[in-house]
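Reviewing the structure listed below.
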Amino acid sequence: MSKVDELFQRLRGDGRKALMPFITAGDPDFETTAAILNGVKAAGADLCEIGVPYSDPIADGPVIQESYQRALDSGFRLDGLFDLPSQVRNADAQLPLVTMASYSIIYRMGLRQYVQRAIDAGYAGAIVPDLLVEEAGPLSKVCSELDFSLVLLVTPTTSRDRQIRIAESSTGFLYFVSVTGITGERAALPETLGENVRWLKQRTELPICIGFGISGPETAAQLAPVADGLIVGSAVVRRIAAASDRDDAVKRVSQFVGELRTAIDSAPVD
């Protein structure tokens, strides 16, 4: 059982929903990333998604694209990704970290080498947004052997038969994309989102976490009843970009995560 599995088992037992901020590794530098991770942990985050900067972002809107570019411009290197968990206080104490990485990055390093390095560093899983279910077998096998969660994505245009196949190839949790298009905050989300998530929940035992478009506490409260967890990216990254310095970034993001935590915990049970 991976740390992600343990987390969701514990949350289900407590009747709570997971809050997962997305933070770009090395934006604007690794020291700031580590400081923010420590801050969001204290503010109520259960799990953190660490974006691996890539020069050709996949489904990312301008806010996250710009964060990737800032990290690359500041000298991001993949080795720094594997050093990051050691900079988080009590990294092994109930704050699993998962990478969000293009399959090309993982493939280029070598599937087993990437997964083993990630485990050795302290990561609990990987979200791989561009990995097709038809091609997921080799990485899925490695992740299963090493007890490392492999998270794949379901989108609004994914057929229902294919959604089930993706769920069968995923471990840890399933990433349910709320909207068609790219990442970014939305004023409103599709009316059919709740119905679609409920349909899939009846067909898989995996926790289902909703991402894309969650702009703040109001949206989080709207989705919390139907989801097992919420992933919040652009709204977090935007606050980092607006900060005047490291301390300000930690303050802005921690306050926002605290507001999300309160909204999620106060939402009615579905």
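The values are calculated or read from the model by the stated rules, or taken from the named source; none is laboratory data. Everything numeric in this text was worked out from a predicted model, so none of it was measured. Please note: Cβ atoms are built from the backbone with ideal geometry, for glycine as well, and neighbour counts cover all protein chains shown. What goes into the accessible areas is simple: the full protein's heavy atoms, side chains included, and nothing from ligands, DNA or RNA. Shrake-Rupley method; radii C 1.70, N 1.55, O 1.52, S 1.80 Å.
Key figures
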| read-out | value |
| --- | --- |
| Close pairs from region 206-225: first closer than 15 Å to Ala45 by Cα, partner basic (Lys, Arg) and modelled with pLDDT of 90 or more, Cβ under 8 Å, at least 6 apart | Ala224/Lys17 |
| The listed residue being part of a helix (DSSP H, G or I), modelled with pLDDT under 95 and farther than 18 Å from Val88 by Cα, out of Gln9, Gln65 | Gln65 |
| Residue match in region 109-116 (condition: open to solvent by 30 Å² or more (accessible area, probe 1.4 Å) and under 19 Å from the mean Cα position of the chain (by Cα)) | no |
| Filter result (part of a helix (DSSP H, G or I) and touching a helix residue (DSSP H, G or I) at 6+ places or on another chain (Cβ under 8 Å)) within region 138-163 | Pro138, Leu139, Ser140, Val142, Cys143, Leu146, Arg160, Arg162, Gln163 |
| Qualifying residue in region 218-238 (condition: among the charged types (D, E, K, R), assigned to a helix (DSSP H, G or I) and closer than 17 Å to Thr24 by Cα) | yes |
| Residue count, region 203-217 (criterion: closer than 21 Å to Asp27 by Cβ and surrounded by fewer than 21 Cβ atoms within 10 Å (Cβ to Cβ)) | 2 |
| Checklist (1) in contact with a strand residue (DSSP E or B) (Cβ under 6 Å, 6 or more places away or on another chain); (2) modelled with pLDDT of 95 or more; (3) more than 30 Å from Glu145 (Cβ to Cβ); (4) outside any helix (DSSP H, G or I) applied to Gly172, failing item | (3) |
| Boolean, Val128 is open to solvent by less than 10 Å² (accessible area, probe 1.4 Å), touching a Leu at 6+ places or on another chain (Cβ under 6 Å) and not aromatic (Phe, Trp, Tyr) | no |
| Among the candidates Asp46, Asp79, residue that is assigned to a loop (DSSP other than H, G, I, E, B) and either farther than 23 Å from Phe256 by Cα or in contact (Cβ under 8 Å) with a residue 40 or more places away in the chain (or both) | Asp46 |
| First in region 251-270 and under 13 Å from Leu223 (Cβ atoms), second anywhere and at pLDDT 95 or above and of a type in the set (D, E, K, R), Cβ under 6 Å, 6 or more apart | Ile264/Lys17 |
